[in-house]
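The values are calculated or read from the model by the stated rules, or taken from the named source; none is laboratory data. Just so we're clear, the structure is a prediction, and the values are computed from it rather than from any experiment. Glycine gets a Cβ as well: all are built from the backbone with ideal geometry, and neighbour counts include every protein chain shown.
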Amino acid sequence: MKSSHSGTDKKEIEMELKYCEHCGSLWVRRRGGGVYCDKCQRAMEQLPAATKKPSRVMLPVHPPTAIKGHAFGIDAGDRRELEVRGGLL
């Protein structure tokens, strides 16, 4: 509660504009509230709880691409090995 200059108390509620992280609609929520609009919040509550913790995502690492006529960081010895293995077009 904040007090005004006249001495009376005012109740202030901080609100913010938020987009729903499920459907993308805009709505107004109390500051620091949920991330879903009321409609989507009810739908999300109907879903079963997660049974497995999310794991760390690992992206695949591939060797550099070699294109016929262009060598991107490939020296002559590596080029011959790639040609033998069918790596160059």
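Tabulated values for the structure
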| read-out | value |
| --- | --- |
| Test: residue in the stretch 57-64 that is assigned to a loop (DSSP other than H, G, I, E, B) and at pLDDT 90 or above | no |
| The stretch 32-45 residues that are hydrophobic (A, V, I, L, M, F, W, C), paired with ones that are not in a loop (DSSP other than H, G, I, E, B) (beta carbon under 8 Å, 6 or more apart) | VAL35/LYS18; CYS37/TRP27 |
